[in-house]
1. For the range 73-89, just list the computed ³J(HN,Hα) in residue order, Karplus coefficients 6.51, -1.76 and 1.60, θ = phi - 60°, integers in Hz, with x standing in for Gly and Pro.
2. For each of D63, D8, D339, count neighbouring Cβ atoms within 10 Å of the residue's Cβ, then give the residues from fewest to most.
3. Relative to a virtual label point 7 Å from the Cα of F33 in the Cα→beta-carbon direction, which members of the range 220-249 show backbone nitrogen distances below 15 Å?
4. Using a simple charge model, +1 on the beta-carbon of Lys and Arg, -1 on the beta-carbon of Asp and Glu, nothing else, what dipole does the range 252-383 show about its Cα centre, in debye to the nearest 20?
5. Roughly what % antiparallel, to the nearest 5, for the DSSP beta bridges in the chain?
6. Taking neighbour Cβ counts within 10 Å as the exposure measure, how do I147, I34 sort from fewest upward?
7. Please report Rg (one decimal) and Dmax (integer) in Å for the Cα set of the chain.
8. Over the range 112-238, with a single point scatterer placed on each C-alpha, what log10 of the ratio I(q)/I(0) does the Debye formula yield at q = 0.09, 0.17, 0.20 1/Å?
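Any read-out appearing in this document is the output of simple, stated calculations on the displayed coordinates, not a laboratory observation. Source: prediction; values computed, not measured. Please note: Cβ atoms are built from the backbone with ideal geometry, for glycine as well, and neighbour counts cover all protein chains shown.
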Amino acid sequence: MKKLQMVDLIGQYQGIKKQVDESINQILNSATFINGPEVHSFQKELENYLQVKHVIPCANGTDALQIAMMGLGLQPGDEVITADFTFAATVEVIALLRLTPVLVDVEPDSFNIDPNAIEKAITSKTKAIVPVHLFGQCANMEAIMSIAAKHDLFVIEDNAQAIGANYTYKNGKKKKAGTIGHVASTSFFPSKNLGCYGDGGAIFTDDDELAHTIRGIVNHGMYTRYHHDVVGVNSRLDTIQAAVLSAKLPHLDAYCSRRREAARKYMNAFRGHDLIVLPKTGIACSGFCEDCDCHVFHQFTIRIMNDKRDGLATHLAENNIPFGIYYPIPLHKQKAYADPRYRESDFPVTNALINEVISLPMHTELEDDQISFITDTVIQFLKN
Ligand SMILES: *Cc1c(COP(=O)(O)O)cnc(C)c1O
């Protein structure tokens, strides 16, 4: 059996090595490291893949979120509602811009922000909602967009973990994750589903005016050279990273299928186990649709019941099986984001999930014998 890894980027590189090496070499020989033609072509390719009018590449997924919020003109004191159970980047940029983060609970089966909790948290100061499409599956966007319309709020999708996923509306219509809200951000961090070989990110929107504003913000607030109309930032996608992404984008659907296939094998092995809660897919589709395209399994995260998660984690480590605990501490309990307004009774789901979740190895190169070894080891431990 090959050595187990949480993510196998070297194995994935072998399949695209020729094209990646050639395009990087060409950039080395032309020295077009910043704003080379590869950045523009990747932008067009991604617009075409997502069927979105505007992709604005930038330096990383955290910047993408910040720039989206700046582009919408959010002002200090505006309240922005987001999930308590996510990576800190989301709440960090809200706080950095002196907006007021309002953390709310998530749903136990999808791990995504709970539309009912959003509704309860809305005040006269609320200006935006940031659903995070956690672990590779969209939040309940149909409900979120209708809440937003009712209260005149912006929706910023944090799509760092779900690029390539489809969202299926109740009427069967499909849209790509990140093209449903007013604006979306994504990350090309190497281990993300579409990762480059360094840092990278992008903002997506169908709104021409917002896209124009954002293109200036990423470039020091310049719309005409050396005229700074708004306060901007310097956030660019390197040419080399754009070339890597262009080489990988044509494989994204196949990469997502490989992840789904691995998830299906995990689920077949675990289905019916009374101590394992499987991730629920197809939130908006009819029923349990593990073979549909609504989940791209950035992580394969299960819940281990009866307080057995930590014991399992130790057992996996002893057997050299890598795992992740995403996330071990709810954001409302982080020192940087604690706020006396929060009550523990507001977060029953997140407070339970942090003790139950465990993410197993998930990548495009997982082999059957590796998956069987992992599932056998998990099931063996839970017998005791
Ligand atoms: C990775 C990630 C980010 C940040 O992306 P970077 O490119 O690392 O800045 C933001 N939000 C979520 C949910 C993420 O998973």
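1. For the range 73-89, the Karplus curve yields x, 5, 10, x, x, 5, 8, 10, 8, 9, 7, 6, 10, 6, 6, 5, 3 Hz.
2. On the way: D63 25, D8 19, D339 10.
By the 10 Å Cβ count, ascending: D339, D8, D63.
3. Counting backbone N atoms under 15 Å from the label point, the list is 236-242.
4. On the way: 15 positive and 18 negative charges, 90 e Å.
Rounded to the nearest 20 debye, it is 440 debye.
5. Details: 24 of 39 bridges.
In the chain, approximately 60 percent of DSSP beta bridges are antiparallel ones.
6. Values: I147 18, I34 10.
Ordered by Cβ neighbours within 10 Å, fewest first: I34, I147.
7. Rg and Dmax of the chain, Cα atoms, are 20.8, 68 Å.
8. Result of the Debye calculation: -0.30, -0.97, -1.17.
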